[in-house]
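The values are calculated or read from the model by the stated rules, or taken from the named source; none is laboratory data. Just so we're clear, the structure is a prediction, and the values are computed from it rather than from any experiment. Cβ sites come from the backbone with ideal geometry, for glycine too, and all protein chains shown count toward neighbours. What goes into the accessible areas is simple: the full protein's heavy atoms, side chains included, and nothing from ligands, DNA or RNA. Shrake-Rupley method; radii C 1.70, N 1.55, O 1.52, S 1.80 Å.
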Amino acid sequence: MDLLIPDTGLFILQTVAFIILLIVLGKFAWKPILSGLKEREQTIESALLAAEQAKKDMQALQADNEKLLAEARAERDSILKEAMDVANSIKEEAKEETGKITAKMLEDAKATIENEKRAALAEVKTQVAALSLEITEKVIRKQLSEKKAQEALVDEYVKDLNLN
Amino acid sequence: MMKKSRTNILNLLITSALVAVFGLASSSNLWAASGGDEAKEEGGGTDFIMHHIKDDYQWHIITLGHTHVTIPLPVIIYDHEDGLKVFMSSDFQDEHHNPIPHGGYYIDHGKLFKLTEDYVPSTSHSNDSHGEEVSENEHREEDSHGEEAAHVEEDAHGDDHPGMTQAGFLDISITKNVASLIISMILLFAVFLTIAKRYKKGLGAPKGMQSLFEPVIVFIRDDIAKVNIGEHKYERFMPYLLTLFFFILFNNLLGLTPGAANLTGNIAVTMCLALFTFFITQFNGKKAYWTHILWTPGVPLPVRPVILIVEVIGIFTKPISLTLRLFASITAGHIVVLSIVGLGFILNNMAVGIAGTLFSVVISLIEILVAVIQAYVFTLFSSMYIGQAVDDGHH
């Protein structure tokens, strides 16, 4: 058994042993280990991919939400604006209406006042006439002696009155 | 924290105990070797070192004083004439551990000889009455080779073994190396079949031994096989590469334990492994591989025959380099450790002995590194050669 000369017996036994190792380990150790490793790696990879996908979905969802929120906000704003416009226009209309009514009322009031004034004037006229008549009556009663003169005077007065 | 420091101390204790055992085992061997047989050790510690590096028919554990503690191993011989024969290595030694012939065979210093008709047994062992020897006794009287009988006993060292031959039989004994080979096989089965069970159970985080070996397996797959053989073809060679790596690694590390055999430092073993790679490479050689060797494309025509010669030589130098690299690095490492341990005994100096033992511990640690690196390198080169063979030629 020299150091540099291969020993035939050991060589043969080593070959046999190595072949047995190859077959047994290959079939019962390396095959399940390698396939197990592969399976685990694939599972981990797919899990990571799924997580990534979920993250993306989440982001998309969040973006959607944001968009929806923005839309809602815009709609709210527009509704508010519309409402404000409507309110404003109603106010304007009301103002106009009020103005018209006021004007009409003023006109009415004026007309009434005019009428009242006329009426009052007419009444004053009648009153004046009555008073004049009374005065005349009194004057007449005083100057009853001169009937002709009295009548001429009355006529004169009446003439004057009519001229007024 | 407390628990961690305690385990650290425990680890340290175990490590130092191992180192002490290692030192003790090697030094006591040497002590016995140097003290027991002054005459034999005159040429330095070479015999002692060679005894540790070479294969043997028995497993020598330790020598305490003059008592050799050995495990006898079976000696199996296929005789071309008589068929299969099985002995125990202890049959070939007397009670003083001197070699004696047995059953027509003789073991001396790790060498097995078949006794021929010219064999003359020594007078001191005439009480061992074997049939063949009795008949040979008659020959001795006639040939009158009296002094040769003593020669067998005295100068058993030399290559000169009269009346013995190393031809005519096939020795398939369970030697120390073969025993170590079987132990490593059992160990490999135990480790990897246990780990494989965890993977068969389905998915789960690695645990225990599995987490120790899984990164190594993944490393071999991703950084050796995939890189050198290619993403699509590596799977077919994975069982071979994994078996190769762990076989070399386990045996390299087993070889570093005290009293163990030097299996991966044996040229027959490394040659066997290199030939596996060689045949796998050649049988998987694609068209591109062979055209590259036989008629290298892209090279001027006159140069092609020269390259052909170089490439053909290259086919054979690859397994030779694999064989020698592993054999030499493991054997050299053992020689260095043993030499340094032996220095103190040869110089008979206590201080050198202590320094040498401490230094040998450092070398042993480097040896552990070498054990891993050589397993890696062998696997790496094997996968590179296979990768060249299966390449489709798309450079």
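What number of residues within segment B:164-189 satisfy the criterion of being open to solvent by 30 Å² or more (accessible area, probe 1.4 Å) and either under 24 Å from the mean Cα position of the chain (by Cα) or facing chain A (nearest Cβ under 10 Å) (or both)?
Of the residues in that region, 10 qualify.
Go through (1) open to solvent by less than 20 Å² (accessible area, probe 1.4 Å); (2) in a loop (DSSP other than H, G, I, E, B); (3) at pLDDT 85 or above for residue B:192 and report which single condition fails.
In the conditions (1) open to solvent by less than 20 Å² (accessible area, probe 1.4 Å); (2) in a loop (DSSP other than H, G, I, E, B); (3) at pLDDT 85 or above, residue B:192 misses (2) alone.
Under the condition of being of a type in the set (Lys, Arg) and surrounded by 14 or more Cβ atoms within 10 Å (Cβ to Cβ), which residue from segment B:198-230 is nearest to residue A:15 (Cα to Cα)? I'd like the intermediate steps shown before the answer.
Filtering segment B:198-230 for residues of a type in the set (Lys, Arg) gives B:198, B:200-201, B:207, B:221, B:226.
Applying the additional criterion that residues be surrounded by 14 or more Cβ atoms within 10 Å (Cβ to Cβ) yields B:198, B:221, B:226.
Working: B:198: 29, B:221: 24, B:226: 27 Å.
Looking at the filtered set, the residue picked out is B:221.
Here is a yes/no grid of residues against (1) more than 7 Å from chain B (Cβ to nearest Cβ); (2) out of contact with any Cys (no Cβ under 9 Å at 6 or more places or on another chain); (3) open to solvent by 90 Å² or more (accessible area, probe 1.4 Å):
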| site | (1), (2), (3) |
| --- | --- |
| A:8 | no, yes, no |
| A:14 | no, no, no |
| A:28 | no, yes, yes |
| A:31 | yes, yes, yes |
| A:49 | yes, yes, yes |
| A:58 | yes, yes, yes |
| A:67 | yes, yes, yes |
| A:71 | yes, yes, yes |
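Out of the residues in segment B:232-264 that are closer than 21 Å to residue B:55 by Cβ and among the aromatic types (Phe, Trp, Tyr), which is least open to solvent (accessible area, probe 1.4 Å)? Quick ask: steps written out before the conclusion?
Step one: filter segment B:232-264 for residues closer than 21 Å to residue B:55 by Cβ, giving B:247-264.
Remaining after also requiring among the aromatic types (Phe, Trp, Tyr): B:247, B:250.
Working: B:247: 1, B:250: 24 Å².
Step by step, filter segment B:232-264, then rank; the result is B:247.
What are the residues in segment B:279-299 that are surrounded by 15 or more Cβ atoms within 10 Å (Cβ to Cβ) and either outside any helix (DSSP H, G or I) or away from chain A (no Cβ under 13 Å) (or both), if any?
Kept after step one, since they are surrounded by 15 or more Cβ atoms within 10 Å (Cβ to Cβ), are these residues of segment B:279-299: B:280-281, B:284-286, B:288-289, B:292-293, B:296.
Within segment B:279-299, B:281, B:284, B:285, B:286, B:288, B:289, B:292, B:293, B:296 meet the criteria.
Where residues in segment B:55-85 are open to solvent by 60 Å² or more (accessible area, probe 1.4 Å) and closer than 19 Å to residue B:166 by Cβ, which of them is nearest to the other protein chains (Cβ to nearest Cβ)?
Here the answer is B:78.
Considering only segment B:340-347, I want to know if a residue exists there that is over 30 Å from residue B:176 (Cα atoms) and out of contact with any helix residue (DSSP H, G or I) (no Cβ under 7 Å at 6 or more places or on another chain).
Here is the first cut: in segment B:340-347, the residues over 30 Å from residue B:176 (Cα atoms) are B:347.
From what is left, the residues that are out of contact with any helix residue (DSSP H, G or I) (no Cβ under 7 Å at 6 or more places or on another chain) are B:347.
Yes, that holds for at least one residue.
With B:309, B:267, B:368, B:313 as the choices, which residue is under 17 Å from the mean Cα position of the chain (by Cα) and exposed (fewer than 15 other Cβ atoms within 10 Å of the Cβ)? Outline the logic, then answer.
Numbers: B:309 fails: under 17 Å from the mean Cα position of the chain (by Cα); B:267 fails: exposed (fewer than 15 other Cβ atoms within 10 Å of the Cβ); B:313 fails: under 17 Å from the mean Cα position of the chain (by Cα).
The conditions single out B:368.
Can you tell me how many residues within segment B:331-358 are over 13 Å from residue B:48 (Cα atoms), open to solvent by 10 Å² or more (accessible area, probe 1.4 Å) and of a type in the set (Val, Ile, Thr)?
Matching residues across segment B:331-358 total 3.
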